[in-house]
Amino acid sequence: MRTAIEYAVFTALAIIGLATLFALQGPGAVVDSALGSGGLLLEVAPLIAGALLVSAYMQLLVSRERIARLLGDQSGLRGLLIACIAGALTPGGPFAAFPLVVGFYRAGVSLPLLVTYITAWSLLGLQRALVWELPILGHNLMVIRYLVALPLPLIAGLIARRLVKLLPDAKGGP
């Protein structure tokens, strides 16, 4: 759960940004910014709603015990590999992936596996590689980048496992 401090920080940043925009570019820029933000909200709201529904369905369809066994704290290397593959196969941007992460966490997926999933999604996204990298950058660069990045989500998950054990406050999640 979010804390009052987190909300206060984001609210303060928004107010500072608003005041800076107003001071530098005037009220017209503030109105343009608000309209642009509203348009973006209308565009991404269905994606966020869909991702939240998928994560809620997952929580109901798969028992917490099964999730804990496959993707919990004791899931071992198999859990890291599942999280890595799932992250690489998850299509879409952060508006789709991050609500899924919240749902996974609430369903019982361990924090280190969430780190693995997010890292794999951001570094190994298959959709991005096939739609953008391969046609624009060519297969040589895409394959080399993919091979270099392939172990990184697993390494991130292993580091996260260690940090969760070392830092008592690191067990909290989204």
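The values are calculated or read from the model by the stated rules, or taken from the named source; none is laboratory data. The shown structure was predicted, so the numbers you read here are calculated from the model rather than taken from an experiment. Every residue, glycine among them, receives a Cβ derived from its backbone with ideal geometry; neighbour counts consider all protein chains shown.
Out of contact with any His (no Cβ under 9 Å at 6 or more places or on another chain), modelled with pLDDT of 95 or more, surrounded by fewer than 18 Cβ atoms within 10 Å (Cβ to Cβ) and in a helix (DSSP H, G or I): does that describe Ile155? Walk me through it before giving the result.
Details: out of contact with any His (no Cβ under 9 Å at 6 or more places or on another chain): yes; modelled with pLDDT of 95 or more: yes; surrounded by fewer than 18 Cβ atoms within 10 Å (Cβ to Cβ): yes; in a helix (DSSP H, G or I): yes.
In short, yes.
I'd like to verify a number: residues in the stretch 95-131 that are under 21 Å from Leu77 (Cα atoms), among the β-branched types (Val, Ile, Thr) and in a helix (DSSP H, G or I), how many?
5
Find all pairs meeting these conditions: Cβ atoms under 9 angstrom apart; at least six residues apart or on different chains; first residue within the stretch 126-155 and of a type in the set (A, V, I, L, M); second residue not in a helix (DSSP H, G or I).
These pairs meet every condition: Leu126/Thr90; Leu126/Pro91.
For the stretch 13-36, check the following and say yes or no: at least one residue is within 25 Å of Leu154 (Cα to Cα) and out of contact with any Cys (no Cβ under 9 Å at 6 or more places or on another chain). Outline the logic, then answer.
So the first thing to find is which residues in the stretch 13-36 are within 25 Å of Leu154 (Cα to Cα), and the list is none.
Taking every residue of the stretch 13-36 in turn, none turns out to be within 25 Å of Leu154 (Cα to Cα) and out of contact with any Cys (no Cβ under 9 Å at 6 or more places or on another chain).
Conditions tested, residue by residue: (1) in a helix (DSSP H, G or I); (2) loosely packed, with under 11 Cβ neighbours inside 10 Å; (3) without any contact (Cβ under 8 Å) to a residue 24 or more places away in the chain; (4) touching a strand residue (DSSP E or B) at 6+ places or on another chain (Cβ under 7 Å).
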| position | (1), (2), (3), (4) |
| --- | --- |
| Ser33 | yes, no, yes, no |
| Gly39 | yes, yes, yes, no |
| Val44 | yes, no, no, no |
| Leu47 | yes, no, no, no |
| Ala56 | yes, no, no, no |
| Leu81 | yes, no, no, no |
| Gly87 | yes, no, no, no |
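If you take the residues of the stretch 1-34 that are within 28 Å of Pro99 (Cβ to Cβ) and of a type in the set (Val, Ile, Thr), which of them is modelled with the lowest pLDDT?
Here the answer is Thr3.
Among the listed residues Ile136, Ile67, Ile144, which satisfies the condition of being of a type in the set (Val, Ile, Thr) and either under 21 Å from Lys165 (Cα atoms) or surrounded by 17 or more Cβ atoms within 10 Å (Cβ to Cβ) (or both)? Let's see the steps before the verdict.
Details: Ile136 fails: either under 21 Å from Lys165 (Cα atoms) or surrounded by 17 or more Cβ atoms within 10 Å (Cβ to Cβ) (or both); Ile144 fails: either under 21 Å from Lys165 (Cα atoms) or surrounded by 17 or more Cβ atoms within 10 Å (Cβ to Cβ) (or both).
Only one candidate qualifies: Ile67.
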